[in-house]
Structures are given as C-alpha cells and as structure tokens.
1. With at pLDDT 95 or above and buried (at least 19 other Cβ atoms within 10 Å of the Cβ) as the only criterion, which of A257, A281 stands out?
2. Restricting to region 90-105, what's the tally of residues that are surrounded by 22 or more Cβ atoms within 10 Å (Cβ to Cβ) and not in a loop (DSSP other than H, G, I, E, B)?
3. Can you name the condition, by its number, that V414 falls short on among (1) over 17 Å from D312 (Cα atoms); (2) crowded, with 22+ Cβ neighbours inside 10 Å?
4. Residues that are closer than 21 Å to W327 by Cβ and of a type outside the set (K, R): list the helices (runs of 4 or more DSSP H) wholly contained in region 205-313 that include at least 3 such residues.
5. Only one of these conditions is not met by G394: (1) crowded, with 23+ Cβ neighbours inside 10 Å; (2) in contact with a Gly (Cβ under 6 Å, 6 or more places away or on another chain). Which number is it?
6. When you check A176 against the structure, is it more than 24 Å from H95 (Cβ to Cβ) and in a loop (DSSP other than H, G, I, E, B), yes or no?
7. Can you find even one residue in region 125-135 that is modelled with pLDDT of 95 or more, polar (S, T, N, Q) and under 22 Å from the mean Cα position of the chain (by Cα)?
8. For region 593-624, give me each residue that is small (G, A, S) and either surrounded by 14 or more Cβ atoms within 10 Å (Cβ to Cβ) or closer than 18 Å to T686 by Cα (or both).
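The values are calculated or read from the model by the stated rules, or taken from the named source; none is laboratory data. A quick note: this is a predicted structure, and the numbers were derived from the prediction, not measured. Cβ placement follows ideal geometry from the backbone for every residue including glycine, while neighbour counts extend to all protein chains displayed.
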Amino acid sequence: MKVWRPGTALAAGLLALTTAVAAAPNGTAAAAAAPQVNVTVNTLEGLGTVPTTGYGLNSAVWDSQMNAPAVQNLLGRAGIGMLRYPGGSYGDIYHWQTNTAPGGYVAPGTDFDSFMGTVKTVGAQPILIANYGTGTPQEAADWVQYANVTKGYGDKYWEIGNENYGNGYYGADWEADNHASKSPTTYAQNVVQYSKAMKAVDPTIKVGAVLTLPGNWPDGVVASGDSADWNRTVLSIAGSAVDFVIVHWYPSAKDAAGTMAAPAQLPGELSQLRSEITAYAGPGGSRLGVALTEMNGSFDQDTQPDALFGADAYFTALEQGVFTVDWWNTHNGVGAISTAPDGATDYGDGGVLSSGGCTGSVCEPAVNTPFPAYYAISMLSKLGRPGDQLVKAGTDQQLVAAHAVRQANGNLAVMLVNKDPANAYTVNLHYAGYAPSTATPTVYTYGDEATSITSAAQGSSAVQTLPPYSIETMVLTPSGNPVSTLTAPGSPSVSQVTGTQATVSWAPSAGGTATRYEVYRQFGTTSELLAESTSTSATIGNLVPGSGYTLNVLATDQNGNLSPPSDPVSFTTGTPANSTCAVNYQVTGGWGNGYVAALTVTNTGPSPIDGWSLTFSFPGAGETLGSGWNANWSSSGQNVEATSLAWNANLAAGGGNSASIGLVGNNDGAYPSPAAISLNGTVCTTTYSS
C-alpha cells in the first residue's frame, strides 16, 4: 500500500564464452585493489521485448504540478511510456465528469482532458482507474464513451479499482468501497459488469482486475465465510471477462540494503502469480497480461538507494513478462526526514520530482527538482527502447545487478547496478552468442546523488570499473561477423506435458530460409540444447519429473548463423502417473509471509509400508519450514523431511489408508508448492488442491 499526501549448456562451440583477461585499469592502487565481479551475458537466451508501455509512472489529481510544462518536459526526456491516472486510492473516490473526489483534494487543472494533454505531449499511453469503490459500471462506460468516441483519445488500458482488498474485508481499511458486500466475490462479479458495460462502448479496450502479489498481504488469506482467498476468487469469476491483472509492490524490508536486495524476489512472486492465473482464470488464462501499476522502495525514497532499487526492479519485472511498471509517484509530498547510508538527506517523499515542501526547518529542493529515482528511470532508455530484446545477464556478486538488451540496431547494452555504498568493483564481462567489436564502448553513468547522467567512451567490452552506489550502462557494437537475417521464431507454446517429455511448437522465422530450429533450456546464463527440428515443433524427452523448464527456440539459416531467440516459455513436468505412492499437497491459508499446507500420503503400491519418510524441496528461495504436525519434521535449507510417528507408520497396500500431516511454512517472497514429493525414495504421483 502506498502513502499518498495531497499537498504533502549450448553445444560447446556455441557456448564458448568471450572471456577477457581483467587487466588492471590505469589509475591508482585503490582502483587496482577494487573487488572483482564477473558478469555474463547470454544473448541466446531471450526474455521478451521491451514494451512501449514498460517505463511507467503514476500521476495524481491532487498534484498541482501534474500538467506543468516543466513536468511534461522532464517526463518526456525520461522516456516515460505510460502514465497512470487519477492517482492510487483516489481512483476509488474520483468522478471524472465533475473532476471531484469527495473526501479528498483535487488540484486545479488536473481534469481528465488536461491529463490527456500531458500524455500526448510526453508521447505516452494512459492507464486509467475506473472508480469501483464509489462509482458504477455506467460511470465507467460513460468515461470510455467520452475518451474514445467523443474525444478519440484511443485510451486502451482501464483498471477496475485500485487496492480493493484494502476495503476492510481482511481487517485493514484504506480503500473506499460503498458496496454492501466487500468480499472478493462481490468485487469479481462487479468487474464482470464493468467490463461488459465498458466494452459495449469500445470493444477494443483492455480491462484489468485487481489482484495481490504472492507473498504480499492479503495473499493467501481466506476470510470467514469464504472458500478461497482474493486471487483465486477474483480469477475464477472474472478471469474470462478481463484482459490483464493488476498488482502493486512495495517490498517489505528493514533498511535500505534490504530494499535494494528485494528485486531478487520478483521472479518467484511473478512466476507464482502466473501459475495462479493459469490455474484459476479458465482456459484463456494464458492471454492475461500482468501490470505492476504501483512500485516503490520502502526506505530512502529520495536518495540513491531508491534509484538503485528502481533501476534493478524495473528490468527484473519486465524480464518476467510484465507489460508496464508504474513508479509511485510523480510528486508525493515531504514526509519524515532521515539520512541515507551515503549521508544524503531523505525527505520521506515517494515522488520522482520534488514537491518543494518542508518538514519543520528542513525543506526539499525547489519544486520539480529531480530526485535520484527520476534519473534511474531516465537510465532505462539507455539500456533498451520499445521493441528491443531483453536477454539474460547474471553476476556472481549479490551487490551488483546486471541486465542486458539486444538493441534493434545490433548493439548490445549492459546495465550494471552497484548497491555497495563503499566499494567500487572491477567488472569482468563475458559473452555468449555475441562478439563485441574492439571499439571502446560508450558508457552512461548515474553516480551517487548526481544531478545528471554522464556519458563517455571508457573501459572495454571486457572490463569496466563500477563506482560505489552507481548505475552504469555500456553500449557495445558488434564485430564484423556475419549476422543472420532471420527473425526470432514466434512465441513457443508447450503441450502434451508428462513427467518425462513435452511438445514445443512455434511460428516460423521470417527474413529468409530456416534450415532447422534448435530448442534450448535456460540455465542461468548458460544454455542446454534439448532438441533440433526441421519443422516448427519438437518433442523433448528425457525430462526430469516434477522439474521446471524455461525454453527458447532459435532458427539456423543456410550459412549456419543463428537467429535471435524466441520469447521464453516455461512449464513444469508432471510427476509419474503410475507411481506406487500418491501425495496431495494443499495450501489451506496464508498471511503474506507465512502459510499452512496439508498433505495426504497414500501407499498405492502392492506391499504395505511400516515406517515412512516423506521428502521434498521448497522451490522458493525464501521458503523455510516453520513447524509441522502428525510427523517428525526437519529441514536443511529448502530441503524438508517428515518421518512417521508410531501411530501412523503403517500404510496399507493399494491405498487402504492414508496419513494426514501438515506444516506451517515461512516465506519471504514467493512460496510455490513443491513440484515433486518422494515417499521412501520413490517419487509419488503428486496432486495439488487449494
């Protein structure tokens, strides 16, 4: 919840890494002694493309500077591609026809048409919050009529409400909701009505429903009288009526270091969200997009830590297929004063631009002065622009994040984020699937608390020096090696998944003749060739039961050159259909950072079992065992074992009886269910219910 203040391995030949010897850069002995970090970029592992709406920002009707020319200029220069309106929780009290928000403040000059003027000036697209809390489907439909029929704005993206689970139904009450029932069932049923009314006016619009991000309250909470939590209920009822889902993310952390480390949680949380969509939204669930329409750090929001968090988090989310990330906020208002780890003054202001306010005798810079988060967003376009391809990058140092983009002109850009306030790093860069030229790369730098982004030709494609608390983006040109004219194969799909095989299909490459297609599994920043095909499908065998796979498809032209990789596709193999044991794993409830799971263990084999051991591994890096019942529970890291007690040690043959056990899990981020569970060393047929 935001705070708003109105006024306040490839085949060996393909995977040969271009590894340069890390020569000490010219300079001082201190530079030579800088700690080393290895960064590997694999351009053969595609992560999708940068969306036109990717770099987003929130606007609010209580912000008198919303449409000021200076603000329009700053947002245009930052490359903002999406603007959200009318401002977080104000979305559920705002009436667009009258430009009013009963109970809240609306600044002059912030009406819808004025906002759209800013959208057009900036060159962005809007994402609009239809008033669910105090509005009606007809009011929302009238807004669509005015925007897209009367005015011809062509506004495509519409949310139904803001954080509607925060309406008091689960205890916390900050979101306006005048409905007699505030349950997820009521919300979902009304979303269907909103979508129907709005699309009757303009069937081309995209409508989004509010969900909660796994691992964040109230995810997993089942209220009294309900049979499921918010996400499952909303998806089950409204999934077929909407086009995307909305989540917000304000990571829970104890300090700036914890906030900067939080982007590592996003892949797991977004993957679990996608699994929930697949499970509950019906047969068409795969078509639903994901919008992260609010995001900000938890500490030092006006100083360098938030900039470092933001640069890392934007690209981490986009790499997981999110189509927009909308930072909270353009202006937000001064709050509590504190000091960041680098000694800078933090004003407790979640905006990217100063509001010019004061707390006591401490005042912010002049209004519209950019805070570091503004420069972090501005750095995003140095790495990639809409249509450029996101590719895999990784590091061996937790305090240094890396992201990479294959740009449309053939250049490769690599962003490096140093979250260490004290140490510079010597970065040794390695490449797979890309041969950089020997030209000195252009490097864009946003340094600690700097007031501008600088650029210079410096270092080499093999070695760069990364200052403390900084963001650097280096742009490399390719060598003169031949490049395939083939386009990337179409987005692959997976079918006929069993415990040991799956069929992958894709649309053909264009731009020439493809002699064959190659299917690779992503392994961090390396890849493993799984199959080759002269058609547009392949059946992959020898897969491991209960294991996750992420695949790319590449085409080979007549000269043996590889195309760019397809978008990724992920799936999990099943467990054996004919095992001698069966386990049902059911998550029965949660509270954001913990959950309860019940397991039913059955011996389906021909011989009775006297004494058993059940073993599995938590897939989520932040999952740990808290406690359990009806078994002796123990764990080592993510590995868990439950052994029988005297009274439930006997499991009759052929499913004659079952053992019912359970656990309380702790989670820091995602908490996916174990993909495979073994009984006395045998992988069981595993099913899931919730």
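1. Numbers: A257 fails: buried (at least 19 other Cβ atoms within 10 Å of the Cβ).
When all the criteria are applied, what remains is A281.
2. Adding up the residues that qualify gives 3.
3. (1)
4. Working: elements: 230-238, 256-261, 266-280.
In region 205-313, the matching helices (runs of 4 or more DSSP H) lie at 256-261, 266-280.
5. (1)
6. Working: more than 24 Å from H95 (Cβ to Cβ): no; in a loop (DSSP other than H, G, I, E, B): yes.
So A176 does not fit the description; no.
7. Start the filter on region 125-135 by keeping residues that are modelled with pLDDT of 95 or more, which leaves 125-135.
Pick out the ones that are also polar (S, T, N, Q) and you get 125, 131, 134.
When the remaining residues are screened for being under 22 Å from the mean Cα position of the chain (by Cα), the result is 125.
Looking through region 125-135, at least one residue is modelled with pLDDT of 95 or more, polar (S, T, N, Q) and under 22 Å from the mean Cα position of the chain (by Cα).
8. Taking region 593-624 first, the residues small (G, A, S) are 594, 597-598, 605, 607, 611, 613, 617, 620-622.
Correct list: G594, A597, A598, G605, S613, S617, G620, A621, G622.
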